[in-house]
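Below: the structure, in structure tokens.
The values are calculated or read from the model by the stated rules, or taken from the named source; none is laboratory data. Everything numeric here is computed off the predicted structure, so don't read it as measured data. All Cβ positions, glycine included, derive from the backbone under ideal geometry; neighbour counts span all protein chains shown. The area values use the complete protein model at the heavy-atom level, side chains included, leaving out ligands, DNA and RNA. Shrake-Rupley method; radii C 1.70, N 1.55, O 1.52, S 1.80 Å.
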Amino acid sequence: MSSIYFPAGFALAIAWASTGLAAPVATEATWLKRPRSEDLLSVWPAEAWNRGMGGKATIVCEVSLHGALRACTVESESPTGAGFGHAAIALTPQLLMKPATLDGKPVVSGVRIPVNFPKPEVATGTRLPGVGGFSGVTRKSVSDVSWVTAPTYGDVAAAYPAKARAKQIGGRVTLDCTFKTKGRVGDCGVLAEEPKGEGFGGAAKSLVDQFVGPTELDNGSSTLGVATQIPFTFTADMLDADKRVIGKPQWRALPTGDQFAGGYPAEAVKAGVNAGRVVMSCGVGDEGKVENCVATSEQPAGLGFGAAAVALSGAFQVTAWTAEGLPTIGGKIRVPIRYEAPDTETPQ
């Protein structure tokens, strides 16, 4: 669960349900594609490689309903500060899992993943045992890209492989691409595909021209020539416009605390009510802006919390592509909001 709090007296909490590591499930998440030695090359910390250094890391992630890894954090790494924790997280788009189930249905669950980076035999210019080459280590790569534009739900549905469409089956793909000019990507190859032979890899590659990312990294250097991995999740639900529900979006913009404070319902103030909850169902339009919102529930009812939340909906914006490889534009989103009135007691 994640919460976002605002400083101006009122609070907004956007909470996304997660079973977490301790939640009961009938069957645990299992591997469809484990990390391989050659997969490590694309994420190995360059300085550590140059020094002939190996390392270890353990990360904790959520496994989505579609088997994608998301919301990963570093639990431990050794040696500390060498970058192996971040490298392990950067590896996750290449990994595929079968989601946990409860009562016969897939559920979000937690997973702890230890990743071992075996020490290279010697310093730069050598090969890892069992690995055919090492050129991937020399490439600069970036993960968790916030895409400026990306394929819409309609685009992905149109590219859905005919054979898989007929069978009503889904799939997962990870592409390894290189940034070109103006934030566009090219030279994409399939790193992971499950199931194979259904056309999902080709479908993913047909969509890469629609991705536009940043032209600069956080440190100000150009993205030109930098590698990145793009995950794709194909689900049969995306073929039905009424079932295009976004799993876990990343927020690009949210209302400010002052906006929430100014919109706190007058009816609630008059009634002396200092908290309320609302759930909105919304669509996602151009540029990831939330639109056409309807309050599907509000507590307490009749005090204006639903209308207040809907009035602020234009200030919400999500990224065009999620970390688990789903489009957002053209999809539907559920937004839980919690209002909290400020502490009005006079300091002693």
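As an exercise, use a Förster radius of 45 Å and the Cβ-Cβ distance of LYS98 and ALA311 to find the FRET efficiency, rounded to the nearest 0.05.
It comes out at approximately 0.60.
Just the number, please: carbon plus sulfur as a percent of the accessible area of the chain, 1.4 Å probe, no ligands or DNA/RNA counted.
Working: 8580 of 16580 Å².
Carbon and sulfur together cover 52 percent of it.
Is there a quick way to get the dipole size of the chain? I mean about its Cα centre, with the Cβ of Lys and Arg at +1 and of Asp and Glu at -1; what is the value in debye to the nearest 20? Can you show the working numbers first?
Values: 32 positive and 32 negative charges, 189 e Å.
Here the chain has a charge dipole of around 900 debye.
Quick one: Debye curve from the C-alpha atoms of the chain, no solvent, what's log10 I(q)/I(0) at q = 0.14 Å⁻¹?
-1.20
If you stretched the chain out fully between ASN292 and ALA166, how much longer would it get, using 0.36 nm times the residue separation minus the C-alpha to C-alpha distance?
Details: separation 126, 0.36 × 126 = 45.36 nm, distance 3.19 nm.
My answer for the length gained is 42.2 nm.
Express in whole angstrom the spacing between the alpha-carbon centres of the range 140-164 and the range 192-227.
About 8 Å separates the Cα centre of the range 140-164 from the one of the range 192-227.
In deg cm²/dmol and to the nearest 500, what is the mean residue ellipticity at 222 nm of the chain if only DSSP H runs of at least 4 residues count, each as -39500 (n - 2.57), divided by the residue total? Walk me through the numbers on the way to the answer.
Numbers: 9 runs with 54 residues, N = 348.
Helices in the chain give a 222 nm mean residue ellipticity of -3500 deg cm²/dmol.
In whole Å, what are the extents of the range 167-208 along the principal axes defined by its C-alpha atoms, from largest to smallest?
38, 16, 11
Just to confirm, what accessible area per residue do you get for the chain at 1.4 Å probe, in whole Å²?
48
What's the FRET efficiency of THR215 with ARG112 using the Cβ-Cβ distance as r and R₀ = 41 Å, to the nearest 0.05? Numbers along the way, then the final one.
Numbers: r = 36 Å, r/R0 = 0.89.
Efficiency, from the Cβ-Cβ distance: 0.65.
For the chain, which longest stretch is free of loop sites, where a loop site is one of the GluC sites (Glu not before Pro) that DSSP puts outside H, G, I, E and B and that has at most 16 other Cβ atoms within 10 Å? Let's see the in-between values first.
Working: sites that count: GLU28, GLU121, GLU345.
Excluding the exposed sites themselves, the longest stretch runs over 122-344.
So which of LYS56/LYS180; LYS140/LYS180; LYS163/LYS205; LYS98/LYS196; LYS98/LYS248; LYS105/LYS243 end up more than 22 Å apart, counting from Cα to Cα?
Details: LYS56/LYS180 32 Å; LYS140/LYS180 13 Å; LYS163/LYS205 17 Å; LYS98/LYS196 15 Å; LYS98/LYS248 18 Å; LYS105/LYS243 16 Å.
Over 22 Å apart, Cα to Cα: LYS56/LYS180.
Only loop residues by DSSP count here, and only those with at most 14 other Cβ atoms within 10 Å; note down the trypsin sites (Lys or Arg not before Pro) in the range 51-90 that meet that.
On the way: sites: ARG51, LYS56, ARG70; in loops: ARG51.
Answer in residue order: ARG51.
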